[in-house]
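Participant: Here it is, the structure in full.
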Amino acid sequence: MKNVDSIGHVTGKSVYLDDIPVQKGTYQAVVFGAPVGHGKIKNIDYSAAEKLPGVARIITSKDITGENQIGGIIQDEPLFAEEELHFYGQPIALIVAKDTFTARKAKALIKLDVEESEVVTDPREAYKRGDLLFPSRTFQMGAVDEAWDGCEYVFEGRADIGGQEHLYIETQGSYAYPTDNGSIKIHSSTQGPTAVQKTAAKVLGLPMHRIEVDVARLGGAFGGKEDQASGFATMVALAAYVMKKPVKITLDRPDDMQMTGKRHPYSADYKIGLSKDLKIVAYQTTLYQNGGAASDLSPAIMERTLFHSTNSYFIPNTHVTVHSCKTNLPPNTAFRGFGAPQGVFTIESAIAHAADELNIPAYEIQKVNFIQDGQAFQYGQIAENVNNKATFEQALNQYDFTRIEKEAADYNQKHIDKKRGVSIMPVCFGISFTKTPMNQARSLVHIYQDGSVGISTGAIEMGQGVNTKIIQVAAGVLSIDSDKIKVESTNTTRVANTSPTAASTGADLNGHATRLACEVLINRLKHSAAESLGSEVDEVDIKNEYVYLNGEKTAVHWNEVVEAAFLKRVCLTENGHYATPKINFDKTKEKGHPFAYHVYGTAITQVTVDCIRGTYEFDKVQIVHDFGKSMNPTIDFGQVEGALVQGMGWMTMEELAFHPNGKLASDSLSTYKIPDIYAVPKSVDIEALETEGAELAILKSKAVGEPPFLYGIGAFFAIRNAIKAFNTDYEPAFNAPYTHEKVLMDLYSNKSQGTKKLYKKAVENAGK
Ligand code: LUZ
Ligand code: MOS
């Protein structure tokens, strides 16, 4: 089925937050943020700003009617700074004016006196000072300390991993206005309407039922709106509440980039031990998570780093610790992959390091260590229906890896100034929120008298096609045309206590809830039809909008069945509730069965590096992905392509840079580069793994949002292999992203031959 939004998107008719008509007299708001990375407010003078014609009011912490607290997991983040400033751009006040232009002008008139303190942006430095956001956690299995002695090879090293800006096309924004009886309605660009509702209720000092949150769709989110939409929504809700006026905020791009948290940079130390036959016997790693100035979702992200720190491999002895370090950056947050990519990059670095030392390709190690059915992940879950090895083998066969490798070797023989690198990237990603209670959803399904159907769920449509999938589920169970079904906006009044649309679970959780509701409804309609026909219910079926009696099609149409049921006062509405079965996790032991299932895959990446310039082009990425039984290949293949390119961007060109005072230097698209059409691989092949599909996945179609992001990590290792082909004296360094500058440095960091000699050789052989 085609994505229901595709026509609206290409014709520009799809409604986003900014397309919602605003009420007359709506004010626009702009945030006044901290102009230092760390310090104390000595004095603020708003008088000149307040006097500017068109400024309605400046809202600060003093206006808060409830608590000045927006921390989602840990209560450590004020909505507005009171005295202490912990990151550049930290909200201090909200300027409410007749238009954005005026609000910005007023912002420049605020006089702020601050006493600056030292800024720390490096997580290891923060750790040294004892600045942790919350207690560290460790996952372990077996006994690493005793295992090292039994290893044939042991290697130790360090991996550094950069952050990533979400760069959703639609920036953060919200529109709030008072409704009847002192209530507030908020339209928000959020993945988590309940998080917005709960946060606003707390800050305004209202019960949750007085706050209604409605979301039509988002112009992208990628995790950036799982938690961080709540602050901006709450600011305008507070302004609307105290001013009794409609207030709207739309962040401009520089403000959005400056004020919001990103993917967490990590720095890691690893130690890996292998047996003579290349089995990984022991793996120990300590990861320093750069949390930023407040906890936000970092505890949950830390958890997913722990879960995925061994990627696709079975390692009998592991010890993995993550420290969440408090730095003077905006609180880092959810981003597609949610801590897993950093953990996976670290173990793939350790494997590449070992492979270098042993003078073998990394895949010789990868291929003998895949986790198998019956083995335990380090968190206790026993692997079932593992498809790691299957995707790896299918990829190697299908894409003729032997030939790929040989062609690269031949190319590298012939060329001196250009080198080709190939990598294989296996992927394993657990599906379910790691926090078990979050794995629940509800779907409210109405069948209207005319036979049309309206569905409300907790799922947020953010371009990923979840609404289309929900329609497919309902159309399948009710056996009606998809045109008869509409998915409504996501609204906390219709569907309460929602989990954010995150963790790749949107279609699974909300799809299953929809399935359950529709199963009840179709059953009711069958009973009603059987009664009308004077037959038994098991003789009746409803298929393709017609009633069947003992397998024979009757003339009774869906619409008549619905109408008749309504006249008989049969309930045509159902609220489906789904809670993922089988999952659990015991934090005191750090063991359990947290995931409904895992998603697997393998990517082969080919790159050509220009060894004179340090630039590179990706020739090809070839993937075998475990979709289960994909319910919508167009959407699912699109997710794999998008995630791959986003992952490649993170590993190659996207580099965050901060001034010493904590101000983001890469705060626009001229200084922060994301992949464009010229940077994407020249070709991307995606093949589905042949499989029966996963039992717990909706229609056996596995979650697809995040797992393929990890394929992008292959880009780093492909580049690395190309550099090694040019510079045989290259020291292992795992420092992502591999920007062109860093590639150039690594091409010429050569002790035995020296930079000059190597460069001369490359230039003299250019084009040959
Ligand atoms: N969000 C969350 C997530 O709250 N818990 C998770 O486990 C998760 N995983 C991936 C992405 N977002
Ligand atoms: Mo997310 S990283 O909001 O699934």
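Participant: At 222 nm, what value in deg cm²/dmol follows for the chain if DSSP H runs of at least 4 each add -39500 (n - 2.57) and the sum is divided by all its residues, to the nearest 500?
Facilitator: Values: 20 runs with 224 residues, N = 768.
Helices in the chain give a 222 nm mean residue ellipticity of -9000 deg cm²/dmol.
Participant: Translational D (Stokes-Einstein, µm²/s) of region 179-283 at 25 °C and 0.890 mPa s when Rh comes from the Kirkwood sum over C-alpha pairs?
Facilitator: Values: Rh = 16.3 Å.
Approximately 151 µm²/s, per Stokes-Einstein.
Participant: Moving on. In whole Å, how far is the Cα centre of region 166-234 from that of region 306-322?
Facilitator: Spelled out, the Cα-based centre of one part sits 36 Å from the other.
Participant: Which three semi-axes in whole Å describe the equivalent ellipsoid of region 74-182, each the square root of 5 times a Cα gyration tensor eigenvalue, listed largest first? Numbers along the way, then the final one.
Facilitator: Working: eigenvalues 415, 80, 53 Å².
After scaling each eigenvalue by five and taking roots: 46, 20, 16 Å.
Participant: With no solvent and one equal point scatterer placed on each C-alpha of region 290-420, evaluate the Debye formula and give log10 I(q)/I(0) for q = 0.09, 0.14, 0.16 Å⁻¹, two decimals.
Facilitator: The calculated log intensity ratios at q = 0.09, 0.14, 0.16 Å⁻¹ are -0.39, -0.82, -0.96.
Participant: On average, how much area does the Cα convex hull of region 423-519 cover when viewed from any direction, in nm²?
Facilitator: Values: hull surface 31.5 nm².
Spelled out: convex hull of the Cα atoms, projected over all directions, averaged, 7.9 nm².
Participant: How about region 127-228: which trypsin sites (Lys or Arg not before Pro) there are in a DSSP loop, with at most 13 other Cβ atoms within 10 Å of their Cβ? Don't jump to the answer; show the numbers that get you there.
Facilitator: Numbers: sites: Lys128, Arg129, Arg137, Arg158, Lys185, Lys198, Lys202, Arg210, Arg217, Lys225; in loops: Arg129, Arg217, Lys225.
Filter output for region 127-228: Arg129.
Participant: Hey, another quick one. When all C-alpha to C-alpha distances in region 368-457 are sorted into bins of 10 Å, what percent of pairs does each bin hold, rounded to whole numbers?
Facilitator: Computed distribution, short to long bins: 12, 23, 19, 18, 16, 8, 3, 0.
Participant: Cα to Cα, under 28 Å, and not fewer than 8 places away if on the same chain: which lysines meet these conditions relative to Lys276?
Facilitator: The reachable lysines, counting only those whose Cα sits under 28 Å from Lys276, are Lys367, Lys389, Lys406, Lys724.
Participant: When the Kirkwood radius is taken over all Cα pairs of region 1-157, what Stokes-Einstein diffusion coefficient follows at 37 °C and 0.692 mPa s, in µm²/s?
Facilitator: So the translational diffusion coefficient is about 160 µm²/s.
Participant: Only counting other Cβ atoms within 10 Å, I'd like Glu764, Glu407 sorted with the fewest neighbours first. Present the calculation step by step, with values, prior to reporting the outcome.
Facilitator: Working: Glu764 10, Glu407 14.
Fewest-to-most Cβ neighbours within 10 Å comes out as Glu764, Glu407.
Participant: Of Lys111/Lys742; Lys51/Lys244; Lys262/Lys756; Lys248/Lys629; Lys484/Lys553; Lys248/Lys742, which sit over 32 Å apart, Cα to Cα? Could the numbers behind the result be given before it?
Facilitator: Numbers: Lys111/Lys742 41 Å; Lys51/Lys244 20 Å; Lys262/Lys756 39 Å; Lys248/Lys629 43 Å; Lys484/Lys553 21 Å; Lys248/Lys742 43 Å.
Beyond 32 Å: Lys111/Lys742; Lys262/Lys756; Lys248/Lys629; Lys248/Lys742.
Participant: Region 21-36 to region 56-129: how many Å between their Cα centroids?
Facilitator: One Cα centre to the other: 15 Å.
Participant: Which number comes out as Rg/Rh for the chain once both Rg and the Kirkwood Rh are worked out on C-alpha atoms?
Facilitator: Working: Rg = 27.6 Å, Rh = 27.7 Å.
Ratio of gyration radius to Kirkwood radius for the chain: 1.00.
Participant: How long are the semi-axes of the ellipsoid equivalent to region 643-726, from square roots of 5 times the Cα gyration tensor eigenvalues, in whole Å, largest first? Could the numbers behind the result be given before it?
Facilitator: Numbers: eigenvalues 202, 73, 29 Å².
With the √(5λ) rule applied to region 643-726, the semi-axes are 32, 19, 12 Å.
Participant: Now, a different point. Once the Cα atoms of region 603-759 are picked out, what are the Rg and Dmax in Å?
Facilitator: 18.5, 60
Participant: Please compute one quarter of the surface area of the Cα convex hull for region 174-236 and express it in square nanometres. Before the final figure, lay out each step's value.
Facilitator: Numbers: hull surface 14.9 nm².
The Cα convex hull of region 174-236, projected and averaged over all directions, gives 3.7 nm².
Participant: Could you give each residue of region 309-319 its phi-based ³J(HN,Hα) in whole Hz, using Karplus coefficients 6.51, -1.76, 1.60 with θ = phi - 60°, and x for Gly or Pro?
Facilitator: 6, 10, 6, 9, 10, 9, 10, x, 10, 10, 8
Participant: Compute the Cα gyration tensor for region 412-453, then decide on rounded, prolate or oblate, letting a ≥ b ≥ c be the square roots of its eigenvalues: rounded whenever a/c is under 1.5, prolate when a/b is larger than b/c in the other cases, and oblate in all that remain. Spell out each step's value before the answer.
Facilitator: Details: a/c = 8.22, a/b = 2.56, b/c = 3.21.
In terms of gyration-tensor shape, oblate.
Participant: Now for a separate question. For the peptides 139-146, 77-84, 234-241, what is the packing order when you average, over each peptide's residues, the other Cβ atoms within 10 Å and list the highest mean first? Spell out each step's value before the answer.
Facilitator: Details: 139-146: 16.0, 77-84: 19.1, 234-241: 27.9.
Per-residue Cβ counts within 10 Å, averaged per peptide and sorted highest first, yield 234-241, 77-84, 139-146.
Participant: Show which lysines lie in cross-link reach of Lys591 when reach means a straight Cα distance below 19 angstrom and same-chain residues fewer than eight apart are skipped.
Facilitator: Counting by Cα, and skipping residues close in sequence, Lys591 has these lysines nearby: Lys435, Lys582.
Participant: Specify the inter-centroid distance of region 502-555 and region 484-501, based on alpha-carbon positions, in whole Å.
Facilitator: Distance between centres, Cα-based: 22 Å.
Participant: Can you give me the relative contact order of region 50-101 as a percent, contacts being Cα pairs under 8 Å and 6 or more apart? Spell out each step's value before the answer.
Facilitator: Working: 60 pairs, mean separation 23.0, N = 52.
That works out to 44 percent.
Participant: Determine one quarter of the surface area of the Cα convex hull of region 558-683, which equals its mean projected area, and express it in nm² to one decimal.
Facilitator: Working: hull surface 68.9 nm².
That works out to 17.2 nm², a quarter of the Cα hull's surface.
Participant: Related question: Over the chain, what is the relative contact order in whole percent, taking alpha-carbon pairs under 8 Å and six or more residues apart?
Facilitator: Dividing the mean separation by the residue count of the chain yields 15 percent.
Values in this text are rule-based calculations from the coordinates and carry no lab data. Note that the structure is a prediction, hence the values are computed from the model and not measured. Note that we place each Cβ from the backbone using ideal geometry, even for glycine, and neighbour counts take in every protein chain shown.
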